[in-house]
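See below for the structure under consideration.
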Amino acid sequence: MLGFQPYETFQLLIETGGVDRTNTLLIAACDAYARRGKPTAPEMEQFEALAGRLFPIASANARAKGAAILGRAEVLSPALERLVVDNIGEDLNTFLSGARELSETTLIDIIARYEVSSAALIAARPDLSNVVLAKLFQMNSRKVYRALAANTAIAPRGAYLSALARSAQMDHLVAEALARRDDFDTALLAPAFFDLSDDHRIKVIQAFANRETPAAPIKKTIEQLTVANAELTKALMKLFSENRRPEVTRLLSQITGLDEVRCGQIAHDVTGASLFVILRAFGCSAYDGLKVLIHATSHDSERSKALADFATLFGNVSPDAMAYLMSAWRGEVNLLELAKPQHKPFSEQPVRRPARTLAPAHNPVVDQAIEALARIGVRRAS
């Protein structure tokens, strides 16, 4: 069989050779099968019978070595996969990473053992069935969910979308993995906003562009303060220009209803992303909002580009959308409502095109804001 002694000879050697010879035969047979390439159906059937006799009576070391060799084979039947998994020992994760194909039964059996490291490797595979995915999503493991979040072969829809969005609220690494994906609605990462990197915070805001959002509970509070909009921007600009961020924290806490810790994060966020949310939610225009952001942010050589990006966002993101994002920070909304068709982003809007063709350093809204600050003489860096 398989290029060397016939099956009957193996049977005779097993019966008369003892453990040492069994060990040798097991390793030799596994090596021959692994080198075979794609075996025929009769060859696989014969090897299954042979391996089924050899593995139980070989020593532990020989079983592990034989299983490791067998795991490198191009094609394994479910029965052979089971022999590998049951005997490979510490090399199981290597097998899971390298195997081209694995049967659903084998994967489910491994998941049932609740070995988190092995389950996480399975979660990263591109060939998972719905049954296997359902088992993985039932596991209460951050490591598994991080692998699922990074696996672009898994479409984030339905129950999977809900599970990933909930996990992102509890694990910033899951949130970062989802933010890197092009097929995930980053608006659902609003509760994890402050755990995300600077670029991904902007992605969350951009996900609300040209989008109808459900009514935000915080909207009534904001409406009561909009009459003092001009006074608000003046106060914030003055406080940021004098680097009085603790006072900014107290002011934001009074007007937003957010807790003081969250307001402190906003006040000290030198990227300006979270402050943009507040300013736009209260209806600030690009002209007034940028005057505040210039003092609140620290972009150095990239300041013009960052401010141009914010100018575009002022045009594309509605106050209602940012009010909804603030309500998400307060845990007052069910973000999965955004997955409904009526709350999906509008199709490509022509309003976005000028922002792509306009050089950041020559955005007129940015230039106007900077010129206004120059005139009033309060352009002190924060």
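Across region 145-167, which residue is surrounded by the most Cβ atoms within 10 Å (Cβ to Cβ) among those that are without any contact (Cβ under 8 Å) to a residue 24 or more places away in the chain and out of contact with any helix residue (DSSP H, G or I) (no Cβ under 8 Å at 6 or more places or on another chain)?
Only one residue tops the list, namely Arg166.
(1) under 30 Å from Ile27 (Cβ atoms); (2) modelled with pLDDT of 95 or more; (3) among the small types (Gly, Ala, Ser): which one isn't true of Ala147, the others all being true?
(1)
Touching a helix residue (DSSP H, G or I) at 6+ places or on another chain (Cβ under 8 Å) and of a type in the set (Asp, Glu), is that true of Asp269?
The answer is yes for Asp269.
Each row is one residue, and each column tells you yes or no for (1) touching a Gly at 6+ places or on another chain (Cβ under 9 Å); (2) loosely packed, with under 14 Cβ neighbours inside 10 Å; (3) on the phi > 0 side of the Ramachandran plot.
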position	(1), (2), (3)
Lys38	no, yes, no
Ala41	no, yes, no
Leu50	no, no, no
Ile57	no, no, no
Ala79	yes, no, no
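Does Lys238 meet the test of being at pLDDT below 90 and charged (D, E, K, R)?
No; evaluated as a whole, the condition is false for this residue.
Under the condition of being under 15 Å from the mean Cα position of the chain (by Cα), surrounded by fewer than 23 Cβ atoms within 10 Å (Cβ to Cβ) and not basic (Lys, Arg), which residue from region 199-220 is farthest from Ala149 (Cα to Cα)?
Asp199
Could you tell me whether any residue of region 113-133 is among the aromatic types (Phe, Trp, Tyr) and either in the same structural domain as Pro341 (by TED's automatic domain parsing) or farther than 30 Å from Phe194 by Cβ (or both)?
Yes, region 113-133 contains at least one residue that is among the aromatic types (Phe, Trp, Tyr) and either in the same structural domain as Pro341 (by TED's automatic domain parsing) or farther than 30 Å from Phe194 by Cβ (or both).
Arg181 versus (1) within 19 Å of Thr256 (Cα to Cα); (2) in contact (Cβ under 8 Å) with a residue 24 or more places away in the chain; (3) surrounded by fewer than 20 Cβ atoms within 10 Å (Cβ to Cβ): which is the lone unmet condition?
Status for Arg181: all satisfied but (1).
Being assigned to a helix (DSSP H, G or I), surrounded by fewer than 22 Cβ atoms within 10 Å (Cβ to Cβ) and among the small types (Gly, Ala, Ser) is the requirement here; does Ala64 meet it?
Spelling it out, Ala64 is indeed assigned to a helix (DSSP H, G or I), surrounded by fewer than 22 Cβ atoms within 10 Å (Cβ to Cβ) and among the small types (Gly, Ala, Ser).
Give the residues of region 122-140 that are within 15 Å of Asn93 (Cβ to Cβ), surrounded by fewer than 21 Cβ atoms within 10 Å (Cβ to Cβ) and of a type in the set (Gly, Ala, Ser), sorted by residue number.
Hit for region 122-140 is Ala124, nothing else.
The values are calculated or read from the model by the stated rules, or taken from the named source; none is laboratory data. These numbers were taken from a predicted model, which means no experiment stands behind them. As a convention, Cβ positions derive from the backbone with ideal geometry for all residues, glycine included, and neighbour counts pool all protein chains shown.
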